[in-house]
Structures are given as structure tokens and as C-alpha cells.
Amino acid sequence: MLKDFVKNIGYDDPLEIYLSKLEKLLGSEYGISKRAVSLLLLQEDEEIFELVKKNEGDKIGVISAIIREANSHYSNPLSYIISERRQGEASRITNSVMSVKEKGLFNFKETLSRLMMNPFIGGPILLAVMYYGLYKFVGNFGAGVLVDFIEKRIFDAHINPFMVDLVNRYLPYELLRDLLAGQYGIITLGARYAFAIILPIVATFFFAFAIIEDTGYLPRLAMLIDQLFKKIGLSGRAVIPLVLGLGCSTMATMVTRTLPTKRERIIATLLLSLAIPCSAQMGVILALLQNKPLGLLIWLGVIIGVFLFVGYLASKIMPGELPSFYMEIPPLRLPQLSNILRKTGSRLKWYLFEVLPLFIFASVLIWLGQITGVFGFLVKALEHPVRWIGLPAQSSVAFLFGFFRRDYGAAGLYDLKTAGLLSGNQLVVACVTLTLFLPCVAQLLMNIKERGIGVGIIMSTFILFFSFSVGYFVNLVLILSGINL
């Protein structure tokens, strides 16, 4: 009986024609069927292609031409087409030979799992996870309690005064003193931002994310938002890189490789660059707005609105079919502390070894920019759009910092708020605009690497003008509505 099913397995007519052509060209033995080799060639398996190139010699040109011609018939990659067909065929076979009887006994885990994927109940569950996991734990505890303690009790009270005194006493050169312990020095600014403001936030975020990850909630979240994501040209699979973007958008941009089509990868990259704040930036913003619940709702509403609006427009502008989606759902489980600590530790290690040098590099660049006058010129140039959205000229420094590192810019706003230079309305406008502002240098380079220099530059240009336009609109609405935060 199974043989009868297997005989019926096939792909659409054009693909079968190309498979037949490739099979006829394969003259060598590969240990597997020629059809299997042909399928791997169409899916652009590099190892098989090199093996065929070695064995078939002068036929490889014709084989490559057939592969290119086959790809030109489809808007999605052939690996995606073939996987989708296999999944459909597997479902057809299992539905024909199996029947599933629902268990009558109450199963708490299964019930909870289904509730998490239910569009009416899953939404409130997601909001509860975000409120307690991100807002209360990362925002209040990480960005509030821990940041206040480390920055004020350790850095401001002990480390910075000691280092400034040490540098002034033993370094006779003013330029070097500025580099190490000046206003934008490696120790007084770079190390303070990295260890006192950013590290507590990313540590609490990584800890919360590891708990969510270890429970098996992420696949259920993917299933929950699949229908919504289809409206913006994505499938539920995109939840993985987008949620990872809340940790680090640079790392998440690399993960967009897992999305099956070029269209989805471009849309996901655009949304990561525009409307997904990294954990450190988001944590600082939550800390900035923690005493302004209306301001926090406005910020969150604008960012979500931009995410959906830009995603919808991108899906309409870019050609392509609606994405399909299937994912294995693992069982729910209680998170294990050893797993959580291991994952949190490895990500913090990545932060210290990969991100910390960028803070030092940014401090050096700012120092060089001050010496050469480039930093002052860029700050001056940013003062005009910053004033245009109703912010004081001093906030242009935070936006320039934001280009070096997103969390650097948010930390700059933290300093402005501490100095009393931002009103409640200005704080909300600044948080909205900075969240939507240009991706940091590391993410920009990753965008260019993954999507190409043309797409990377077009994205960044659009984001630059769009972010300030949204900031202007938010400021205007706050003024016209008479809202004073």
C-alpha cells in the first residue's frame, strides 16, 4: 500500500521536466539515486554541486544552465518549493493511513499549549509575558534598580573619580587624558555605558529570554502571530529573528538567513533596522518612561503601528507569493535553571567579547572626531532635524551616539533626562525617533553583507528620513491635543 502512495509523489510539471533533464545528464554513480542528486542540485547544495562538477566534467555548464532556468520559473527558491511539496505529500500520506483519536482525559500542558496559540487568549498571554518579563523585570529591575545601583553607587561614587584623579596625576598629555577620562572618555563614558547602564539591562533581558526559550513558548508565539505576519509579507517563522532582535539586531539580521524567500529576508531586515529596539536600548527607554505610563503607551503604540504599517507597505511593493508556514511544536516544559544560566552566560560572554570593544572603539572615534572637528560638524548638522521635531540642540549628541551603538544613544538620552534638559513630551518624541533612527554601524555593515550594498543604503536612507518624519508627527499631535506628560 505504501508503494502506491510513493508512486504518486511528485512535483509540478515544470520541475519534473528539469529533474528529468538533470537525471539524463548524470552519468556517474553517487551512491544515491540520480533523482535525489538532481533534487539536491536544484536546491543548490554546494557539496553535491562540487561532486557533480568533478564527476561530470564538461557537462557542468549545461547542468548549471538547467538549474538557472528552473529557478527563473519560480518566485520562491526551489529549496522552499521542494520542502513545501514534501510537507504536503507527507501530510496527505499520514492523513490517508492514520486516524487520531482525541484523548478524553484533561491534559493541563496540552490545554495551555492550545490556549497560547488561540488568537483570543494567546494575545493576553503574550501581553502578560511582555509586561512581567520585559517591562517589570528588564525595565524596572534591570534598567531601574540595577542601573541606579551600579552607576551611582559604584561608578559615580568610586570608579570615575578615582580614574579621573589617577589620569590627571600621572598623564601629562591633555589629549590622552581626554581619551581615557574626558567627557567622552573610554573609562568615564565607554566603560560607564557598557558596565553601568547596558550590562545590567542585557543581562536581565538574556535571563528572561532564556526562560521564555526554555519553556517552548517561542514556537507557539510563531503559530499565534502567523496570520498577522502574513499581512506584512512574513510568516510565523520570522518571529525567531524578530524576537532575537530584541536582544541584538545585528545578530538577528544574520538569523534572517533561515527565512525561505528573499522577499521575507528583505522585509525582516528592514523591520529589524527600523522598529525593533535592542534589549539595551529598550531597557533604557523603559527606564526613561517608567514614571510616565501614558508616554510609554504612546511610544509602544507608535512603534507597533510603524512596524505593521511599513511591513504592510513593503509586502505590497515587493512582488512575491504569500509565505506558507509549518513548524514542529515541542512540548511545554518547566525551564531548567542550569539551561537558563548556561544560555545567559554564553550570551553575556558574547556581549563582553563582541560588543564591549565596540564601546571602546566608539569612544576612540568620538575622541578623534573631537580632535579633527568632524564630531562637532556632525553634531551641528543634526541640530537642525532635532530642533525640527521639538527637541533641544543638546540631544543631537545622543542621536550621533545612536549611530555608533543604539544603546549608546539611549544612554545619552538618560544623561539628558538626568540633567533635566528634556520635558515629558520631548522625552517621548526623543524615544520614538531614536528607536526608529538609523541602525548602528555594526547592524548597517551586517545589512550590507546580507542584503547587498544597494539595499543597505536604500534602507538606511529611508529610515533616516522616516524616523524624523514620525518624530515630527508625534510632536505635532502632542502639541495639538494639549497633552503634557
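Read-outs throughout are calculated quantities, based only on the coordinates presented, and are distinct from any laboratory measurement. Here the structure is a predicted model, which is why all the values come from computation and not from measurement. Cβ coordinates were reconstructed from backbone atoms using ideal geometry, including for glycine residues, and neighbour counts include every protein chain displayed.
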What list do you get for Tyr173, Tyr135 if you sort them by fewest beta carbons within 10 Å? Tyr173, Tyr135
Mean residue ellipticity (222 nm) of the chain, computed from DSSP H runs ≥ 4 via -39,500 (n - 2.57), nearest 500: -21000 deg cm²/dmol
Expected sort for His158, His73 with the fewest Cβ neighbours (10 Å cutoff) up front is His158, His73
Exposure proxy ranking, count of Cβ atoms within 10 Å, fewest first, for Cys431, Cys440: Cys440, Cys431
Quote the FRET efficiency, to the nearest 0.05, computed for Trp388 versus Asn118 with a Förster distance R0 of 60 Å and r equal to the Cβ-Cβ distance. 0.85
Cα centroid separation, the range 173-213 to the range 416-434 (Å): 21
Rounded to one decimal in nm, the spacing of the 7 Å Cα→Cβ label points at Asn71 and Asn107 is 4.3
Grab the Cα-Cα distance for Val62 and Ile93, subtract it from 0.36 nm times how many residues apart they are, and report the gain in nm with one decimal. 7.6 nm
Cys248 long-range amide H proximity, modeled H, under 5 Å: Ser279
Distance from the range 40-74 to the range 154-170 (C-alpha centre basis), Å: 64
Which whole-number percent of Cα pairs in the range 172-325 have a distance greater than 29 Å? 30
Rounded to the angstrom and largest first, Cα extents along the principal axes for the range 111-183 equal 69, 22, 15
Relative packing of 457-465, 370-378, which averages over residues the other C-beta atoms within 10 Å, highest first: 457-465, 370-378
As a Kirkwood estimate from alpha-carbon pairs, the chain has a hydrodynamic radius in angstrom of 25.4
What FRET efficiency, computed as 1/(1 + (r/R0)^6) with R0 = 22 Å and r the Cβ-Cβ distance, is obtained for Leu368 and Leu421, rounded to the nearest 0.05? 0.25
Helix runs (DSSP H) in the chain reaching 27 Å along axis by Cα, Kyte-Doolittle at least 0.5: 293-317, 453-481
Cβ-derived FRET efficiency at R0 56 Å, Ile479 paired with Ile17, nearest 0.05: 0.30
With the 8 Å Cα cutoff and a minimum separation of six or more residues, the chain has a relative contact order in percent of 15
Cβ neighbours within 10 Å, averaged per peptide: list 175-181, 285-291 in order, most packed at the top. 285-291, 175-181
If the chain between Ala381 and Tyr132 were fully extended at 0.36 nm per residue, the gain over the current Cα-Cα distance would be 85.6 nm
Taking 0.36 nm per residue of sequence separation and subtracting the Cα-Cα distance, how much length would be gained by fully extending the chain between Glu46 and Asp148, in nm to one decimal? 31.5 nm
